[in-house]
Amino acid sequence: MTIDETKFNEFVELKTLEVAQMNNGQANPKAILGRCFPVFPKIKQDIPKYSKIINEIVEKINQLNDEEQKSKALKLDPNFGQKKEKKKIPKPDGLPTLHNTENGVIVRIEPAPSGHLHLGHLFSVVANYETKKKFGGKFIVRLADTNPDNIHIENYNKVIEDIKWICNGEIDEIVYQSDRIQLYHKYLRELIELEKAYVCECQGEDFKNFTDSSKPCPHAQIPYETQLEMYDKFMTGGYEPGEAVVRYRADITHKNPAMRSFGLARINKNNHARVGHAHTIWPTMHLVVALDDPLMGMTHVIRGKDHEVNMERQKLIHKDLGLKSPEYFHTGRMKFTDIILSKSKLTEKIESGEFEGWEDPRVPSLLSHKKRGYKAEAFRKFILSLGISKRDSKITKNEYYKGLDYFNKQILEKTSDRYFSIIEPKEIEIENITEMDFKEFTIQKHPEDPAQGLRHIKTIKNYLIENKDFQKLEIGQTIRLMHFANFKITNKDENKITLKYISKEYDKNLKLKANIHFVSKEENEKVTIISNDNKKIQTISEPIEKYQIGDSIQYERYGFLRLDSVDEHTKEKTFYFTHK
């Protein structure tokens, strides 16, 4: 056993001085021994010997006064006593761990213009947008519209508006792949000339049989010159749709059948909603993504891990064409256990009339949530709180909205004015109204912000309360009408409760049975609330001042609502219910 005893002694002296200075000049030998093990593990082979050395050093240092201890410590370590700055460990921000971000990032999302986005699309949008916000750079929306059969012109704006909303309008560039067809054709020919692609005339089932058995199809073995002729025929209308496709010449023996071959281009003569009949040769997703990412300078690609095989395909094309691959991060899937996110199923329910449209609050679209009063910031905060990781996870509808509503409420509570509203009205009457010495009372529109103004409510004889409160009240009980006054119940029949005024200010000594909201019987307005299950609820509301469409308010004891419309003639307001 070899231990540098000089270093050991100096170490023990310094640690003893540190402990002594923290404990009124006294150190415990056992505490010093524990500090020695990590640095000098071999002392465990002869603990009695080294314990004796430690005891002797500790005894000498404990006999020194405070100044002598400090002086000795500074000789051993000139920085003794100086507080060491704790290394700040950054809090997790929910984003993936990425490399090579020093000069910013260029990221993208690639939605198809197939209609409004839904909850399942949010993870990719938020992950890419927040990554760009964190590191700086560019956030690009690249619309995947190279399949004429699935394109409807009205869907372009739907997708763009949804993304703009969730990302505060901060899109740096919008790219339409249907504008880049000639570029794709150029590189498609280059792959043919490099003998990395070929024209295949096989029918689908025949080709599948070849790949499943790891055998090349006959067209993959056609001589180069003939392949060029077939390609020219392919590009100039010599084939009809379905008669030929261009395939990538992959390793037919690859252990993963999906990597043995894949399509790069096909013929489609149908009208494209945006560019009409300008093209008949349309590239597949495999080709356009493989080209667009490096050619547009993407530094990082963040997408679902269902694209991991696609990444390998795209890297093959990058290598063939000498293009630089971006850094990839494939996120885990967030599976909703009880929310339907299939666009085809949702569209079917809308077309059948089961749902009234993508705005229907029962549809999990971004549009319906926006209409209900959810804020984009709440979605982003909630998703980041869940974390963008490689791990798959499951979530129920209740779990999802519990988290989302928490973040949304934090936003709405800061600005939403408070009001009263009654759904099932029952009457109350104040029998000694003449004893009330105030003609009106005021309530802050916002309990924490006087600057948002006051609600003025007249003191009258008759008010309306909720039936559910009415049913619970009994003669002899003392109650309070919220923010108004305290009363005693003197009489109750089937339709009305009679109250006797006691006092104005809240008084805990009164042992109040209830503190309930109310609406004046004389000054009120009719309001319609559209519930989360798309039912129309008629309410009698305290008069509401003018608000802009899209503003949120809160009905006390009920929840938050978003103003959706005001009838041009009757001036009746319609709100969507947001959440409690």
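Can you name the residue in the range 180-234 that is of a type in the set (Asp, Glu) and in contact (Cβ under 8 Å) with a residue 40 or more places away in the chain and, of all such residues, is farthest from Arg142 (Cα to Cα)?
So the first thing to find is which residues in the range 180-234 are of a type in the set (Asp, Glu), and the list is 190, 193, 195, 201, 205-206, 212, 225, 229, 232.
Those left that are additionally in contact (Cβ under 8 Å) with a residue 40 or more places away in the chain: 190, 195, 201, 212.
Numbers: Glu190: 24, Glu195: 29, Glu201: 31, Asp212: 34 Å.
This residue is Asp212.
Quick check on the range 402-414: of everything there that is farther than 9 Å from Ala378 by Cβ and touching a strand residue (DSSP E or B) at 6+ places or on another chain (Cβ under 9 Å), which residue is surrounded by the fewest Cβ atoms within 10 Å (Cβ to Cβ)?
Going through the range 402-414, the residues farther than 9 Å from Ala378 by Cβ turn out to be 402-403, 413-414.
Restricting the remaining residues to those that are touching a strand residue (DSSP E or B) at 6+ places or on another chain (Cβ under 9 Å) gives 403, 413.
Numbers: Gly403: 17, Glu413: 15.
My answer is Glu413.
Tell me which residues, restricted to the range 415-472, are touching a strand residue (DSSP E or B) at 6+ places or on another chain (Cβ under 9 Å), without any contact (Cβ under 8 Å) to a residue 40 or more places away in the chain and among the acidic types (Asp, Glu).
Glu440
Surrounded by fewer than 19 Cβ atoms within 10 Å (Cβ to Cβ) and either without any contact (Cβ under 8 Å) to a residue 12 or more places away in the chain or in a strand (DSSP E or B) (or both): does that describe Lys134?
On the way: surrounded by fewer than 19 Cβ atoms within 10 Å (Cβ to Cβ): yes; either without any contact (Cβ under 8 Å) to a residue 12 or more places away in the chain or in a strand (DSSP E or B) (or both): no.
For Lys134, the condition - surrounded by fewer than 19 Cβ atoms within 10 Å (Cβ to Cβ) and either without any contact (Cβ under 8 Å) to a residue 12 or more places away in the chain or in a strand (DSSP E or B) (or both) - is not met.
Restrict the check to the range 189-201 and report whether at least one residue is of a type in the set (Gly, Ala, Ser), assigned to a loop (DSSP other than H, G, I, E, B) and within 21 Å of Ile317 (Cβ to Cβ). Walk me through it before giving the result.
From the range 189-201, those of a type in the set (Gly, Ala, Ser) are 197; that's our starting set.
Remaining after also requiring assigned to a loop (DSSP other than H, G, I, E, B): none.
Scanning the range 189-201, I find no residue that is of a type in the set (Gly, Ala, Ser), assigned to a loop (DSSP other than H, G, I, E, B) and within 21 Å of Ile317 (Cβ to Cβ), so the answer is no.
Looking only at strands (runs of 3 or more DSSP E) that lie completely in the range 442-517, which have at least 2 residues being over 17 Å from Asn432 (Cβ atoms) and not β-branched (Val, Ile, Thr)? Lay out the reasoning, then the answer.
Values: elements: 454-458, 462-466, 478-481, 485-492, 496-503, 514-516.
Correct list: 454-458, 462-466, 514-516.
With the structure loaded, tell me whether Lys133 is within 22 Å of the chain's Cα centre (by Cα) and basic (Lys, Arg) or whether it fails that test. Steps first, answer last, please.
Values: within 22 Å of the chain's Cα centre (by Cα): yes; basic (Lys, Arg): yes.
Criteria met by Lys133.
Among Lys233, Lys208, which is of a type in the set (D, E, K, R), in the same structural domain as Ala265 (by TED's automatic domain parsing), under 13 Å from Ile281 (Cβ atoms) and outside any loop (DSSP other than H, G, I, E, B)? Walk me through how you get there before you give the answer.
Values: Lys208 fails: under 13 Å from Ile281 (Cβ atoms).
Being of a type in the set (D, E, K, R), in the same structural domain as Ala265 (by TED's automatic domain parsing), under 13 Å from Ile281 (Cβ atoms) and outside any loop (DSSP other than H, G, I, E, B) holds for just one of Lys233, Lys208, which is Lys233.
Out of Ala220, Ala258, Ala250, I need the residue that is surrounded by fewer than 17 Cβ atoms within 10 Å (Cβ to Cβ) and of a type in the set (A, V, I, L, M, F, W, C). Which one?
Details: Ala220 fails: surrounded by fewer than 17 Cβ atoms within 10 Å (Cβ to Cβ); Ala250 fails: surrounded by fewer than 17 Cβ atoms within 10 Å (Cβ to Cβ).
Criteria check complete, one pass: Ala258.
Go through (1) at pLDDT 95 or above; (2) touching a helix residue (DSSP H, G or I) at 6+ places or on another chain (Cβ under 6 Å); (3) closer than 26 Å to Gly387 by Cβ for Leu341 and report which single condition fails.
Only one criterion is unmet by Leu341, namely (1).
Touching a residue at least 60 places away in the same chain (Cβ under 8 Å), within 30 Å of His118 (Cα to Cα) and among the small types (Gly, Ala, Ser): does that describe Gly297?
Details: touching a residue at least 60 places away in the same chain (Cβ under 8 Å): yes; within 30 Å of His118 (Cα to Cα): yes; among the small types (Gly, Ala, Ser): yes.
So Gly297 fits the description; yes.
Looking only at the range 183-223, which residues are among the small types (Gly, Ala, Ser) and under 17 Å from Leu291 (Cα atoms)?
Answer for the range 183-223, where residues must be among the small types (Gly, Ala, Ser) and under 17 Å from Leu291 (Cα atoms): just Ala197.
It is to be established whether one or more residues within the range 258-276 are outside any loop (DSSP other than H, G, I, E, B) and basic (Lys, Arg).
So the first thing to find is which residues in the range 258-276 are outside any loop (DSSP other than H, G, I, E, B), and the list is 258-259, 263-267, 272, 276.
This time we only want the ones that are basic (Lys, Arg), so: 266.
Checked the range 258-276: at least one residue is outside any loop (DSSP other than H, G, I, E, B) and basic (Lys, Arg).
Among the strands (runs of 3 or more DSSP E) confined wholly to the range 278-378, which include 2 or more residues that are over 23 Å from Tyr576 (Cβ atoms) and within 28 Å of the chain's Cα centre (by Cα)? Let's see the steps before the verdict.
Details: elements: 281-283, 300-304, 327-331, 334-336.
Where strands (runs of 3 or more DSSP E) fall fully within the range 278-378 and carry at least 2 residues being over 23 Å from Tyr576 (Cβ atoms) and within 28 Å of the chain's Cα centre (by Cα), they are 300-304, 327-331, 334-336.
Mind listing whichever residues of the range 227-246 are among the hydroxyl-bearing types (Ser, Thr, Tyr) and either touching a Gly at 6+ places or on another chain (Cβ under 8 Å) or surrounded by 12 or more Cβ atoms within 10 Å (Cβ to Cβ) (or both)?
Taking the range 227-246 first, the residues among the hydroxyl-bearing types (Ser, Thr, Tyr) are 231, 236, 239.
If the condition is that a residue be among the hydroxyl-bearing types (Ser, Thr, Tyr) and either touching a Gly at 6+ places or on another chain (Cβ under 8 Å) or surrounded by 12 or more Cβ atoms within 10 Å (Cβ to Cβ) (or both), then Tyr231, Tyr239 are the ones that fit.
The values are calculated or read from the model by the stated rules, or taken from the named source; none is laboratory data. Small disclaimer: the values here were computed from a predicted structure and weren't measured. Cβ atoms come from the backbone with ideal geometry, glycine included; neighbour counts cover every protein chain shown.
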